[in-house]
Structure formats: structure tokens, C-alpha cells
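The values are calculated or read from the model by the stated rules, or taken from the named source; none is laboratory data. In this text, all values refer to a predicted model and were calculated from it rather than measured experimentally. Neighbour counts run over all protein chains shown; Cβ positions are idealised from the backbone, glycine included. Quick note on the areas: whole protein, heavy atoms, side chains included, nothing else; ligands and nucleic acids left out. Shrake-Rupley method; radii C 1.70, N 1.55, O 1.52, S 1.80 Å.
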Amino acid sequence: MDFTYKEHYTIDDLIQIMALLRGENGCPWDKAQTHESIRKNFLEETYEVVEAIDLKDSALLREELGDVLLQVVFHARMEEEAGHFDFAEVCDQLCKKLVFRHPHVFGTVKAEDADEALQNWTAQKMEEKGQKTYTDTLNAAPKALPALMYAEKVQGRAAKAKFDYPSLEAALVDLESELVEFKDALLGGDSAQIEEEFGDLLFSCVNVSRFAHLDPENSLYRAVQKFIRRFSKMEAMCREKGISLPQAGMDVLNMYWKEAKRG
């Protein structure tokens, strides 16, 4: 195999390694992969980067960023094999995009603060993608996003068109209204209506999170982690008393749950 071992490798070496892995004498697993087969891997690697950021672990972040870069190179290699584009073209398009979307840096447009810079970015992005209406920008939001992130993205783009609540208080009023409608739907018993109103309720929760400057995905994640910690304490207390959770009954479990919450 035509490969030179080095003490330090570069992006060019990474591209060569991927070509070798996908080549005639490469790795059987790597050669068998398609965009679809490793689609989930890309998502998982991205979330591992997010976890490294949350942990403030620089060494782990360096490793996980490498894993994301591997996914980029992997997909680019497949497209190069198909004769569509290569990694260099990915870099070229990205550089051109960054220059075009920063006219306040590479052009004559002014941006005195981050808000103005973001407005410039949005205007340039709409022009670049041929988006003539704000509805076009909403439809362009990635539909593969987790639902909470998708809702936040769509709401944020609608807000750029100045279609938004005037305040957090107004968003809370709407949330309360949606809760009433959801309760009414439950009483009505129509499963389709119940699902629709529950979706509206969640959508309103995301609106409130925006005005409260919260990340809904992160907020829900922390709530789940808190639930697990309290559940673990409750189970430990029950185990000390020789109590089986499935047989204890909710009255007993609620008693220990409340104690776990105080701990």
C-alpha cells in the first residue's frame, strides 16, 4: 500500500487515508458504506461534540471534532467516487459562502454590532438561496431537525419578519390558552384533535423558551437528567427498605419520590 507513516498528519493525509480505506485493497466495512448507511453516525458524532462542549473537556472536544470531520470526508469521498464533487469543492463552496454572507467584512456594508451582522447574513442568505419570501425561509428550515429545534428554527425565522409576540408575558398568555384547548380536546376524546392540540401546546412552550432566552432542547435534556437522578434516589431508598418498585404502588413510590426531591 502506498502510504507514508508520519508523526503529524494534515487534512490532505486524511483525504488520502479515506481514499485508501475505500479503495480496492481497503477496509471491507468502509467500502460497503453509503450515505444512507452512515447517516445516523453523522448525527451521533455531532451530539458527541455537543456533549464534549457541555463537559468543557477540550481533549474530548478535539477528538469528537475529528470524528465529525471524518464524516464530512467520508461523504465527500463517496461523491467523488460518483463523479459529483470532491472535498476541495466542498471547501471552495464554503469559503465563497462565508465571503458572500459577510459583506460587512469582505464588502462595503456596515455592521456596528452582532445584530446588524446577523441581519446582513440573513439578507445575503435569502439572496443566495433565491428565497423571495419569508415563507420560503420557513420552508427551508431543515425538517430532519429534532422537533423542538425545528420549532425554534421556524419561530426564529418568522420573528425576523417581525411576526412574533410583543413580550414574554404575551407568549405565556398564549401558552395558557393552548393548555385550555388541550384539556378541552382530552374531554372531547378525538385522538386526532388531542394530538393537534398537544402539538400546539409544545409549540407554545418553545415560544416561551425563546422569550426567556432558554434552549428548549437543553432544558428538556436537563429535566430528563434530573428525573433520572431523583428516580435513582427513590429506587435506592426503596431497595434499602426491601421494597420492589413494580409492586410498591404509587402512594408508596410518591412518598419516596417527594423525599428524593428534597434530597
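Just one of the numbered conditions (1) touching an Asp or Glu at 6+ places or on another chain (Cβ under 8 Å); (2) open to solvent by 60 Å² or more (accessible area, probe 1.4 Å); (3) closer than 30 Å to A158 by Cα is not true of L43: (1).
Under the condition of being of a type in the set (S, T, Y) and open to solvent by 60 Å² or more (accessible area, probe 1.4 Å), the residues counted in the stretch 96-133 number 2.
Being loosely packed, with under 12 Cβ neighbours inside 10 Å and modelled with pLDDT of 95 or more is the requirement here; does K56 meet it? Taking the combined requirement at face value, the residue satisfies it. For the stretch 182-214, filtered to residues that are in a loop (DSSP other than H, G, I, E, B) and without any contact (Cβ under 8 Å) to a residue 24 or more places away in the chain, the residue that is farthest from M149 (Cα to Cα) is G189. Residue count for the stretch 143-181, restricted to those that are under 11 Å from the mean Cα position of the chain (by Cα), in a helix (DSSP H, G or I) and of a type in the set (G, A, S): 1. Of all residues in the stretch 1-36, those satisfying the criterion of being under 11 Å from H75 (Cα atoms) and in a loop (DSSP other than H, G, I, E, B) are Q33, T34, H35, E36. Could you tell me whether any residue of the stretch 166-181 is in contact with a Phe, Trp or Tyr (Cβ under 6 Å, 6 or more places away or on another chain) and without any contact (Cβ under 8 Å) to a residue 40 or more places away in the chain? Scanning the stretch 166-181 turns up no residue that is in contact with a Phe, Trp or Tyr (Cβ under 6 Å, 6 or more places away or on another chain) and without any contact (Cβ under 8 Å) to a residue 40 or more places away in the chain.
When the criteria are applied in full, R77 meets the requirement of being surrounded by 13 or more Cβ atoms within 10 Å (Cβ to Cβ), farther than 19 Å from N207 by Cβ, in contact with a helix residue (DSSP H, G or I) (Cβ under 9 Å, 6 or more places away or on another chain) and not β-branched (V, I, T). So for the stretch 241-260 (the condition being loosely packed, with under 11 Cβ neighbours inside 10 Å and either touching a strand residue (DSSP E or B) at 6+ places or on another chain (Cβ under 7 Å) or hydrophobic (A, V, I, L, M, F, W, C) (or both)), does at least one residue qualify? Yes, some residue in the stretch 241-260 is loosely packed, with under 11 Cβ neighbours inside 10 Å and either touching a strand residue (DSSP E or B) at 6+ places or on another chain (Cβ under 7 Å) or hydrophobic (A, V, I, L, M, F, W, C) (or both). The set of residues in the stretch 211-244 being over 21 Å from the mean Cα position of the chain (by Cα) and small (G, A, S) consists of S232, A236, G242, S244. Just one of the numbered conditions (1) touching a residue at least 24 places away in the same chain (Cβ under 8 Å); (2) within 30 Å of A147 (Cα to Cα) is not true of V224: (1). Scanning the stretch 28-40 for residues that are loosely packed, with under 15 Cβ neighbours inside 10 Å and under 24 Å from P142 (Cα atoms) turns up T34, H35, E36, S37, R39, K40.
All conditions but one from (1) farther than 21 Å from L145 by Cα; (2) surrounded by fewer than 14 Cβ atoms within 10 Å (Cβ to Cβ); (3) touching a residue at least 12 places away in the same chain (Cβ under 8 Å) apply to V90; the one that does not is (2). Among the residues of the stretch 146-170, write down those that are closer than 20 Å to L202 by Cα, open to solvent by less than 50 Å² (accessible area, probe 1.4 Å) and hydrophobic (A, V, I, L, M, F, W, C). Correct list: L148, A151, V154, A158, A159, A170. So which residues in the stretch 206-240 are open to solvent by 60 Å² or more (accessible area, probe 1.4 Å) and hydrophobic (A, V, I, L, M, F, W, C), if there are any at all? L214, L220, V224, F227, I228, F231, listed by residue number.
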